[in-house]
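Q: Pasting a structure below so you can have a look.
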4 protein chains.
Amino acid sequence: MTARPAGSRPRGAVRSEAARTSVLEATASLFAARGYDHLTIEGIASEAGVAKQTIYRWWTSKSAVVAETLIEGMLLPGHPEVPETGDIRADLSTWLGQLFQFVDEPTHNALVRSLVAAAAENESIGERLNDALGATATLTARIECAREAGELAPEIPVQEVVTALVGAVVVRALRRATTTPDAARQLIGALLH
Amino acid sequence: MTARPAGSRPRGAVRSEAARTSVLEATASLFAARGYDHLTIEGIASEAGVAKQTIYRWWTSKSAVVAETLIEGMLLPGHPEVPETGDIRADLSTWLGQLFQFVDEPTHNALVRSLVAAAAENESIGERLNDALGATATLTARIECAREAGELAPEIPVQEVVTALVGAVVVRALRRATTTPDAARQLIGALLH
Amino acid sequence: MTARPAGSRPRGAVRSEAARTSVLEATASLFAARGYDHLTIEGIASEAGVAKQTIYRWWTSKSAVVAETLIEGMLLPGHPEVPETGDIRADLSTWLGQLFQFVDEPTHNALVRSLVAAAAENESIGERLNDALGATATLTARIECAREAGELAPEIPVQEVVTALVGAVVVRALRRATTTPDAARQLIGALLH
Amino acid sequence: MTARPAGSRPRGAVRSEAARTSVLEATASLFAARGYDHLTIEGIASEAGVAKQTIYRWWTSKSAVVAETLIEGMLLPGHPEVPETGDIRADLSTWLGQLFQFVDEPTHNALVRSLVAAAAENESIGERLNDALGATATLTARIECAREAGELAPEIPVQEVVTALVGAVVVRALRRATTTPDAARQLIGALLH
DNA sequence: CCATAACCGAGACGGTACGTCTGGTCTTCAA
DNA sequence: TTGAAGACCAGACGTACCGTCTCGGTTATGG
């Protein structure tokens with residue numbers, strides 16, 4: 001539906017990729033520096049060297065900009081790969097342990113809380129919350145595989161379990177609670193018997 | 001602990017309980033009606049029939065007012081009691097199922113997301129997140145009891161499990177995901193084997 | 001002097017004359033109605049249908065707005081022309097008498113006191129005080145002429161005398177003193193022998 | 001008029017002279033330091049070590065406190081005595097010259113403008129404006145004497161002339177105009193021929 | 001020798017206005 | 001047509017004072 005008649009061309013200047021990128025970079029930088037609710041459209045515009053209107057033209061709200069920044073993977077540092085030792089429980093313990101350690105670090109804790117605040121007001125950020133915190137489709141597939149391979153009980157609701165794990169991380173961030181190194185292993189042990 | 005050093009005495013007029021109550025009631029009402037981030041100090045003051053300065057005198061920020069409102073139990077509707085059938089898994093399934101149903105209702109979903117947004121910026125709200133969502137000390141004690149009675153595996157980390165359950169509810173709220181009626185039962189089944 | 005360097009041009013929207021005019025009209029109206037020190041920026045903004053920031057963008061203070069309103073001649077009613085009968089003393093007596101009568105009227109008295117209060121805090125209003133009270137350049141020129149024509153003593157310091165006359169009016173306003181009809185004539189008689 | 005029925009006496013503690021004095025001193029000090037319109041009741045109370053209510057109990061407004069401070073002679077520095085050389089014109093020239101010099105000094109200029117602002121909103125300050133600026137009853141009497149002694153023209157309206165002189169000083173203050181040393185002599189020469 | 005009454009410092013209260021900041025829209029000009 | 005610049009209306013921010021009102025505590029009469 002955005003196709004145009006053959007021979008026709010858009011008239012006037014076309015959307016500036018430079019402006020778009022610059023907005024997303026500014027957003028990422030300010031989000032990391034000052035958190036979601038000190039983020040302002042004016043601040044982004046100024047940091048990006050872009051007019052406010054340019055932002056309002058292409059995004060509907062602050063949270064939409066943040067959502068796109070998140071999608072582009074510029075918002076949060078990448079998460080560690082899940083190891084593959086053959087022992088799914090050990091692998092998940094390692095992964096969850098790293099996640100717990102991550103949110104225990106004050107800077108990252110603030111980052112995650114900001115992300116949660118953003119998710120609270122923007123549906124599409126909420127939808128990507130799992131991914132953003134490292135609970136990617138790949139991970140889910142891995143667990144699914146293991147279950148089908150008989151390493152896990154067959155009645156385990158994989159999606160629910162992953163959500164609960166992400167939830168544990170989120171609540172930990174919101175409570176500013178630090179964690180014993182063992183907690184991840186115990187939780188995985190309880191969840192995936 | 002609010003006692004003052006001997007010999008010292010408060011001088012001048014004393015804090016008005018009427019003003020305090022009126023602020024908390026206004027906060028509860030506006031929070032429910034318009035959500036955390038449309039909440040304003042001016043709005044609360046005006047709704048409460050109180051001067052702005054009276055709010056700034058006793059609270060440091062919007063989130064502090066919300067925190068106190070939460071503590072007073074005025075922020076969220078009360079949660080259902082956990083039934084006591086003797087079967088701890090069934091009881092928890094019932095309880096979690098009700099919680100899931102609760103956040104599936106759009107109004108309550110918005111309420112919970114607002115609460116999460118508030119928790120993201122205020123530590124003491126974060127600390128009370130479990131309680132606020134119904135995962136009270138009573139509940140934890142119940143599970144602990146059942147474990148000691150041998151109904152649950154002895155190595156289960158009760159606190160972690162409860163956090164994961166609350167997390168599941170929170171993430172569900174953030175993802176605006178609705179749930180099959182079975183999800184609660186399955187999750188409990190997986191968690192508490 | 002507000003011209004900008006050749007080649008440079010203003011970018012962005014241009015100042016709204018409608019907003020400016022509307023602010024000055026609101027100021028004139030509120031000044032007349034309630035006096036200088038019941039005048040508020042918020043009141044002006046609201047009466048003018050303008051955002052507060054628009055006032056702060058273009059004026060530094062309440063007194064600056066009042067000064068500009070005064071310069072535009074919107075603040076005070078026009079003053080009577082000085083008659084020209086050929087007899088400079090009689091003409092000035094008439095003029096000063098009218099001025100005295102003017103400040104004797106309570107509404108106008110309050111207006112003049114407000115103007116004086118404004119002048120006390122804003123230099124440019126002070127500078128225009130003479131003009132605002134009707135002691136215009138034209139009047140000074142008339143006296144100068146008469147002196148040169150030999151109708152008045154040659155050593156008379158015209159500017160000082162005019163200032164003293166305006167001062168007499170001002171002090172009369174500040175003392176809320178009413179005046180015998182004769183005072184103006186007597187004072188002129190004493191001043192311009 | 002504040003007398004009470006014979007036989008009756010006030011019961012209870014009597015007005016604290018210390019508090020009264022302390023308020024007036026604080027007022028004088030703050031008036032000199034920051035001017036009339038930066039003067040606040042709270043500032044005075046705090047500076048005086050007195051409760052706000054104590055001020056409101058005894059004075060009706062800020063300007064009333066200032067008026068009383070003025071009456072007590074604490075508001076402005078004392079003015080020079082008028083010399084008595086026998087030549088009334090020379091004496092007045094000296095006096096007015098000193099007054100002009102006084103208001104030419106920026107600190108005093110601000111002081112006089114503050115006084116004028118106070119007079120603009122408080123009648124009793126206005127009434128004392130002449131006295132406060134040194135045009136005391138003594139001075140008026142002196143001129144009156146000289147007139148009766150035939151040194152001045154008999155038809156001179158003494159009160160009007162004095163008011164005009166004070167007015168010249170006031171307008172000079174409002175215009176922030178500095179003066180040639182000769183101005184006072186010339187003006188007296190013109191006024192009292 | 002109380003009881004009454006008016007004083008005092010302190011400070012909370014409902015308000016108004018301040019001057020600043022941001023949100024979202026609209027206008028102007030250059031490219 | 002886009003993008004920068006920036007003015008516009010709107011409205012919340014947090015602060016400063018306003019004038020009124022308790023609150024305890026402190027004098028001074030006068031019954």
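The values are calculated or read from the model by the stated rules, or taken from the named source; none is laboratory data. This structure is a prediction, so every number in the text was calculated from the model and none was measured. Heads up, the Cβs are rebuilt from the backbone with ideal geometry, glycines too, and the neighbour counts pull from every protein chain shown.
Q: So in the stretch C:149-160, with the set limited to residues that are facing another protein chain (nearest Cβ under 7 Å) and assigned to a loop (DSSP other than H, G, I, E, B), which one is farthest from C:G126 (Cα to Cα)?
A: Initially, the stretch C:149-160 is screened for residues facing another protein chain (nearest Cβ under 7 Å), giving C:155-157, C:160.
From the residues that got through so far, the ones that are assigned to a loop (DSSP other than H, G, I, E, B) too are C:155-157.
Numbers: C:E155: 27, C:I156: 24, C:P157: 21 Å.
Applying the filter and picking the extreme gives C:E155.
Q: I'd like to know if the stretch D:106-126 contains one or more residues that are among the basic types (K, R) and facing chain C (nearest Cβ under 9 Å).
A: Yes: one or more hits.
Q: Another question about this same structure. Assess whether B:E105 counts as being under 11 Å from the mean Cα position of the chain (by Cα) and surrounded by fewer than 15 Cβ atoms within 10 Å (Cβ to Cβ). Step through it out loud before you land on a result.
A: Working: under 11 Å from the mean Cα position of the chain (by Cα): no; surrounded by fewer than 15 Cβ atoms within 10 Å (Cβ to Cβ): yes.
When the stated conditions are applied, B:E105 does not pass them.
Q: Shifting gears a bit: Look through the stretch D:127-148, keep the residues that are over 11 Å from the mean Cα position of the chain (by Cα) and aliphatic (A, V, I, L, M), and return whichever of them is farthest from the other protein chains (Cβ to nearest Cβ).
A: Taking the stretch D:127-148 and keeping what is over 11 Å from the mean Cα position of the chain (by Cα), we get D:137-148.
From the residues that got through so far, the ones that are aliphatic (A, V, I, L, M) too are D:137, D:139, D:141, D:143, D:146.
Details: D:A137: 15, D:L139: 15, D:A141: 18, D:I143: 11, D:A146: 14 Å.
Here the residue is D:A141.
Q: Of the residues that sit in the stretch A:168-191 and are at the interface with chain B (Cβ under 7 Å from one of its Cβ atoms) and touching a Lys or Arg at 6+ places or on another chain (Cβ under 8 Å), which one is modelled with the lowest pLDDT?
A: Once the filter is applied, the top-ranked residue is A:G189.
Q: I've got another one for you. Which residue pairs have Cβ atoms under 7 Å apart, sit 6 or more places apart or on different chains, and have a first residue in the stretch B:50-74 that is more than 18 Å from B:A18 (Cα to Cα) and a second that is part of a helix (DSSP H, G or I) and within 15 Å of DNA strand E (Cβ to nearest atom)?
A: Note: pairs meeting the criteria are B:K62/B:I41.
Q: Take B:T163 and decide whether it is among the polar types (S, T, N, Q), in contact with a helix residue (DSSP H, G or I) (Cβ under 8 Å, 6 or more places away or on another chain), at the interface with another protein chain (Cβ under 8 Å from one of its Cβ atoms) and in contact (Cβ under 8 Å) with a residue 24 or more places away in the chain. Quick ask: steps written out before the conclusion?
A: On the way: among the polar types (S, T, N, Q): yes; in contact with a helix residue (DSSP H, G or I) (Cβ under 8 Å, 6 or more places away or on another chain): yes; at the interface with another protein chain (Cβ under 8 Å from one of its Cβ atoms): yes; in contact (Cβ under 8 Å) with a residue 24 or more places away in the chain: yes.
Considered against the rule, which asks whether it is among the polar types (S, T, N, Q), in contact with a helix residue (DSSP H, G or I) (Cβ under 8 Å, 6 or more places away or on another chain), at the interface with another protein chain (Cβ under 8 Å from one of its Cβ atoms) and in contact (Cβ under 8 Å) with a residue 24 or more places away in the chain, B:T163 comes out as yes.
Q: Can you list the helices (runs of 4 or more DSSP H) lying wholly within the stretch D:1-108 that have 1 or more residues being within 16 Å of DNA strand E (Cβ to nearest atom)?
A: Numbers: elements: D:17-34, D:41-48, D:52-58, D:62-71, D:88-104.
Those helices (runs of 4 or more DSSP H) span D:17-34, D:41-48, D:52-58, D:62-71.
Q: Counting only residues that are at negative phi and among the small types (G, A, S), which one in the stretch C:62-78 is nearest to DNA strand F (Cβ to nearest atom)? Even if it seems obvious, please write down each step before you answer.
A: The initial filter retains those residues of the stretch C:62-78 that are at negative phi, namely C:62-72, C:74-78.
Applying the additional criterion that residues be among the small types (G, A, S) yields C:63-64, C:67, C:78.
On the way: C:S63: 18, C:A64: 15, C:A67: 18, C:G78: 29 Å.
Here the answer is C:A64.
Q: Name the residues in the stretch D:75-98 that are crowded, with 17+ Cβ neighbours inside 10 Å and closer than 19 Å to D:R34 by Cβ, would you?
A: D:L75, D:L76 - these are the residues of the stretch D:75-98 that are crowded, with 17+ Cβ neighbours inside 10 Å and closer than 19 Å to D:R34 by Cβ.
Q: Okay, moving on. Just for the stretch D:10-46: of the residues that are more than 8 Å from DNA strand F (Cβ to nearest atom) and within 14 Å of chain C (Cβ to nearest Cβ), which one is farthest from D:L115 (Cα to Cα)?
A: Once the filter is applied, the top-ranked residue is D:R34.
Q: Is it the case that A:E72 is surrounded by fewer than 21 Cβ atoms within 10 Å (Cβ to Cβ), touching a Phe, Trp or Tyr at 6+ places or on another chain (Cβ under 9 Å) and acidic (D, E)? Working first, answer last.
A: Values: surrounded by fewer than 21 Cβ atoms within 10 Å (Cβ to Cβ): yes; touching a Phe, Trp or Tyr at 6+ places or on another chain (Cβ under 9 Å): no; acidic (D, E): yes.
Spelling it out, it is not the case that A:E72 is surrounded by fewer than 21 Cβ atoms within 10 Å (Cβ to Cβ), touching a Phe, Trp or Tyr at 6+ places or on another chain (Cβ under 9 Å) and acidic (D, E).
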